[in-house]
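Contents: one structure, followed by commentary.
The values are calculated or read from the model by the stated rules, or taken from the named source; none is laboratory data. Only a predicted model underlies this, so the values are computations on that prediction, with no experimental measurement involved. All Cβ positions, glycine included, derive from the backbone under ideal geometry; neighbour counts span all protein chains shown. Accessible surface areas use protein heavy atoms only, side chains included; no ligands, DNA or RNA. Shrake-Rupley method; radii C 1.70, N 1.55, O 1.52, S 1.80 Å.
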Amino acid sequence: MTLLAAVAVGLAVAVVSLSAYFTVRQQMYRNLDDSLVDRALNASKSSVLTDPQIIQSIPPETLGLSDIRIGLLTANRLGFAGPSNQGISGPSNYASPPWGAVELHVAQTQGQPSVRTAGSKQGAHYRVVAVPAQYCPVSTDPPGSQCPVQKQPAALVVAQSLAPIDRTLHNLGIVLWAVGLLGVIGAALAGNAIAQNGLRPLAGLTREAERIARTGDLRPIPVTGSDEISRLAQAFNAMLVALARSQDRQRRLVGDAGHELRTPLTSIRTNLDLLAQADKRGGLAAEDRQQLLDDVRAQMDELTTLIGDLTELARDTPQVRDAELIELSNVVEDAVIKVRRRAPGIAWDVQLTPFPVWGDERLLGRAVTNLLDNAAKYSSPDDPTLAQAERRTVGGHVAVRLQDGVLTVTDSGPGIAEADLPHVFERFYRSSEARSRPGSGLGLAIVKHAAEQHGGMVYARNAPPAGAEFTLWLPHAATQSRQPTSDAVGPA
């Protein structure tokens, strides 16, 4: 910014200085030319300075006071003897003007006045003006009286020294250079001050980012003002908040996963230790041995399911990849058939209408299966809680409805406590009533994860007179692209 300010001001000063210099120079030359031409024309008409006797009798000191040289140049450069003895007339004992072919042409053609610069700045430097004039080739007595013969063409030449103008332009150039240099230095200092002041918040933000990278402390950065740096700091704070939430979810997922994995592993190890100790003592009865092996297999199945759930949730992708057109009613029907085999004591009331969606059939199938498994588990007739609540069906009842992309699953279980409703879709969350039942607490979390990935939503409520109702909404395929995002909204 310092360099940019200095260069910008330097260019601006250079342009202004050059424009001012050449404008003043041109105007001074123009004023001098107009003055010389006007005076020379007036003098040529008065027949005073065109008389060789008068012009030669002008005291040199008089012309020297104004630094002017005057001469009369004849058309044929002949007719009377002048200082150079070549037909050129001027004041005696005084240098003639710097004339040449241009002035001779004016004398011969009697045309327009000529204006030019003669000499060099290192030596004599003059602005030379030549105007047409007429002179008397013979002497008259007294000087300036009527010429007895016909007048001859000539040119009255007036030369003005340019030394005063050169000094003025020289001084102007020094002033412009000095002012320009001071302007550039001032602009550089101002640009440096502005840069330091403007970048101070950014330097502070950089220090905070380095501190966060060094310590891992994700506390938000204090923000003041409303400029671009403040907006950057606010965006950085939003990123820190999102990162802190992600780390918190990761810690909770790791901690909960470790806790949940420890239970089946401990049970498997205990059963294997029992088998090993029993083999050392001669072995167990076939029935007891088979029971332990069945328990180990059940624990292995639970562990496999838990690992699969953790793997699914650990992906945490923002949207479904490689989506395909799916008929949701077929997905629900397949899930009902699968869960019905695992829960033969449940009465199923299923009503489905076709509804196409874009999505991942495997993930949607798992989400629907989890909803149905959850409903079947809490509607199971061998649940002591159901007997105490005096449910309307002894064998349990689950209602499944799919209409306009809204899947509703209603069980005949004990319902959900009001304190647990906001948390049923959280990972590893299990209510006090659910702790005595099998499960990892990840099934409903996977349902929510699948719904969000497909641009839908899921929510739970208690369905009177008894039971819980879970509702999964997904958008129609006509309103979705091949890769639905989580930005979709639910039905009104």
Query raised in the report: Exactly one of (1) polar (S, T, N, Q); (2) open to solvent by less than 60 Å² (accessible area, probe 1.4 Å); (3) modelled with pLDDT of 80 or more is unmet by T50. Its number?
Result: (3)
Query raised in the report: In the range 156-190, which residue that is among the β-branched types (V, I, T) and in a helix (DSSP H, G or I) is surrounded by the fewest Cβ atoms within 10 Å (Cβ to Cβ)?
Result: I174
Query raised in the report: What number of residues within the range 150-191 satisfy the criterion of being among the aliphatic types (A, V, I, L, M) and touching a strand residue (DSSP E or B) at 6+ places or on another chain (Cβ under 6 Å)?
Result: 7
**Report entry** Identity of the residue in the range 191-211, surrounded by 15 or more Cβ atoms within 10 Å (Cβ to Cβ) and modelled with pLDDT of 80 or more, that ends up farthest from V9 (Cα to Cα)
**Finding:** E208
Query raised in the report: Is it the case that the range 103-122 has a residue that's among the charged types (D, E, K, R) and surrounded by 17 or more Cβ atoms within 10 Å (Cβ to Cβ)?
Result: yes
**Report entry** Answer from R249, R219, R289 - the residue that is under 28 Å from N370 (Cα atoms), of a type in the set (K, R) and open to solvent by 70 Å² or more (accessible area, probe 1.4 Å)
**Finding:** R249
Query raised in the report: Is it the case that Q122 is closer than 30 Å to R167 by Cβ and either modelled with pLDDT under 75 or among the charged types (D, E, K, R) (or both)?
Result: yes
Query raised in the report: What pairs come up if the first residue lies in the range 198-218 and is touching a residue at least 24 places away in the same chain (Cβ under 8 Å) and of a type in the set (F, W, Y), the second is in a helix (DSSP H, G or I) and open to solvent by 50 Å² or more (accessible area, probe 1.4 Å), and their beta carbons are under 7 Å apart, counting only those six or more places apart or on different chains?
Result: none
Query raised in the report: What do you reckon, is P132 at pLDDT 75 or above, open to solvent by less than 60 Å² (accessible area, probe 1.4 Å) and assigned to a loop (DSSP other than H, G, I, E, B)?
Result: no
Report summary line: Checked T270, T304, T266 against criteria (polar (S, T, N, Q) and under 18 Å from L442 (Cα atoms)); the one match is T304
**Report entry** Test: L243 is without any contact (Cβ under 8 Å) to a residue 40 or more places away in the chain, touching a helix residue (DSSP H, G or I) at 6+ places or on another chain (Cβ under 7 Å) and open to solvent by 60 Å² or more (accessible area, probe 1.4 Å)
**Finding:** no
